[in-house]
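What follows is a set of notes on a single structure, which appears directly below.
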Amino acid sequence: MYSFELPSGTELELREMTGAEEELLTNQRLIRSGEAINQVLRNCFVRLGEKTDPDLAEVMNLLSGDRLFALVRLRQISLGDEVELELSCPNSACRMTNFVTVNLEDLKVTPYGEEREFAFMLPGSKKTVRFGYLDGHKEKRLASLREPNISSAMLIRILDIDGKAPSKKSLAEMSMRDRNALRQEMSRVDAGIDTSVETECDGCGTKIRTRLEAEPAFLFPGVRL
C-alpha cells in the first residue's frame, strides 16, 4: 500500500490498479458518463483520512484538485513515474509527431487553504460573485452536459451573484472583461496538481498544449487506442 497527503491535507492510502480497473477505463459507457474514474478511485482507495474502505460518496465529495492528485499518484504506483507522450503538431501544414517525456514526480502541487468559498467583485459591473471549488459531484454534472463550454464550467462553480442565483442568462450578459477577471480569480485560488503540458513542435515551432490526463499514454502506455 502507498500513502500520500492530498492537497487538502487529508491522508490517502492507495493500492495499485489491476485488470479490473483497466476494464473500467476501457468501458466507453462509463467513460462518457464520467463514472469510470470514480469507480477506479473507489476501488483503489484503501483509506481516506480515518475512514478505511471509503465509499463512492466519499470519493465524489473530494475536491477536484484532490481527485486529480489521487489519479496521478495512482498512475505512478501502477505504471511508473514517466509518461511518454506522442503529441501531434496542431499546425495543419506540419502535423509532425513530437515525443515528450514527463516525470510525474516533477509536477507542481499547490495545497488548498482553509477557505472553501470566495467572494470576488467584478471590475466592470461591481457585482460580487461568490464561488467555490469543483468537486466530484460538479465534475459529474459537467460530464453529463451534451455540450459543456466555458460558461457552464464557470456557472457550476458560482454560488450567487449579488445574492441572486446564477443562470445561463446572467453569464451570457456578463461582459468579457468581467468574465475574464472571474476566470482568472477562479484559477488563482485553485489548488491541486498541475498536469498541464506545453512544448513547441520540433518541426515548425508551433506551441502544443495538452493535459496529461487527456492523453492515452497517461493510463495506457504503449497502447494505441
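Residues checked against (1) small (Gly, Ala, Ser); (2) under 19 Å from Arg211 (Cα atoms); (3) over 17 Å from the mean Cα position of the chain (by Cα); (4) assigned to a strand (DSSP E or B):
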{"site": "Gly9", "(1), (2), (3), (4)": "yes, no, yes, no"}
{"site": "Glu22", "(1), (2), (3), (4)": "no, no, yes, no"}
{"site": "Arg47", "(1), (2), (3), (4)": "no, no, yes, yes"}
{"site": "Gly65", "(1), (2), (3), (4)": "yes, yes, no, no"}
{"site": "Leu87", "(1), (2), (3), (4)": "no, yes, yes, yes"}
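With the structure loaded, tell me whether Ser3 is without any contact (Cβ under 8 Å) to a residue 60 or more places away in the chain and polar (S, T, N, Q) or whether it fails that test. Yes. Quick one: which residue in Asp66, Asp81, Asp53 is at pLDDT below 95, acidic (Asp, Glu) and either open to solvent by 30 Å² or more (accessible area, probe 1.4 Å) or over 30 Å from Cys201 (Cβ atoms) (or both)? Of Asp66, Asp81, Asp53, the one residue that is at pLDDT below 95, acidic (Asp, Glu) and either open to solvent by 30 Å² or more (accessible area, probe 1.4 Å) or over 30 Å from Cys201 (Cβ atoms) (or both) is Asp53. Against the numbered list (1) part of a helix (DSSP H, G or I); (2) out of contact with any Phe, Trp or Tyr (no Cβ under 8 Å at 6 or more places or on another chain); (3) under 25 Å from Thr110 (Cβ atoms), Leu182 comes up short only at (2).
Here the range 185-215 is the region considered, the condition is being part of a helix (DSSP H, G or I) and open to solvent by less than 60 Å² (accessible area, probe 1.4 Å), and the residue that is farthest from Ile37 (Cα to Cα) is Glu185.
Being more than 21 Å from Arg179 (Cβ to Cβ) and open to solvent by 80 Å² or more (accessible area, probe 1.4 Å), is that true of even one residue in the range 118-132? Looking through the range 118-132, none of the residues is more than 21 Å from Arg179 (Cβ to Cβ) and open to solvent by 80 Å² or more (accessible area, probe 1.4 Å). Of the residues screened, Phe99 is not one that is at negative phi and open to solvent by less than 50 Å² (accessible area, probe 1.4 Å). Hey, any hits in the range 160-172 for a residue that's aliphatic (A, V, I, L, M) and within 19 Å of the chain's Cα centre (by Cα)? Within the range 160-172, none of the residues are aliphatic (A, V, I, L, M) and within 19 Å of the chain's Cα centre (by Cα).
Close Cβ contacts (under 9 Å, 6 or more residues apart or on different chains) running from residues in the range 23-46 that are hydroxyl-bearing (Ser, Thr, Tyr) to residues that are not in a loop (DSSP other than H, G, I, E, B) comprise Thr26/Ala36; Ser33/Lys140; Ser33/Ala143; Ser33/Ser144.
For beta carbons closer than 8 Å, sequence separation of 6+ or different chains, a first residue in the range 144-164 that is at positive phi and a second that is part of a loop (DSSP other than H, G, I, E, B), the qualifying pairs are Asp162/Lys127. Within the range 183-225, track down each residue that is among the acidic types (Asp, Glu) and either at pLDDT 95 or above or more than 20 Å from Leu74 (Cα to Cα) (or both). Selection gives Glu185, Asp190, Asp194, Glu198, Glu200, Asp202.
Take the conditions more than 30 Å from Cys204 (Cα to Cα) and outside any loop (DSSP other than H, G, I, E, B) and apply them to Lys140. Does it pass? Yes; evaluated as a whole, the condition is true for this residue. If the condition is being in contact with a strand residue (DSSP E or B) (Cβ under 8 Å, 6 or more places away or on another chain) and more than 17 Å from Asp190 (Cβ to Cβ), then the range 118-162 contributes Met121, Leu122, Lys127, Thr128, Asp160, Ile161, Asp162. Pairing residues of the range 80-100 that are among the β-branched types (Val, Ile, Thr) with residues that are open to solvent by 40 Å² or more (accessible area, probe 1.4 Å) and not in a loop (DSSP other than H, G, I, E, B), at Cβ distances under 7 Å and at least 6 apart in sequence or on separate chains, gives Thr97/Glu86; Thr97/Ser88.
The values are calculated or read from the model by the stated rules, or taken from the named source; none is laboratory data. For clarity, every value in this text was computed on a predicted model and none was experimentally measured. Ideal geometry is used to build each Cβ from the backbone, glycine not excepted, and the neighbour counts take in all protein chains shown. Note: areas computed on protein heavy atoms with side chains; ligands, DNA, RNA excluded. Shrake-Rupley method; radii C 1.70, N 1.55, O 1.52, S 1.80 Å.
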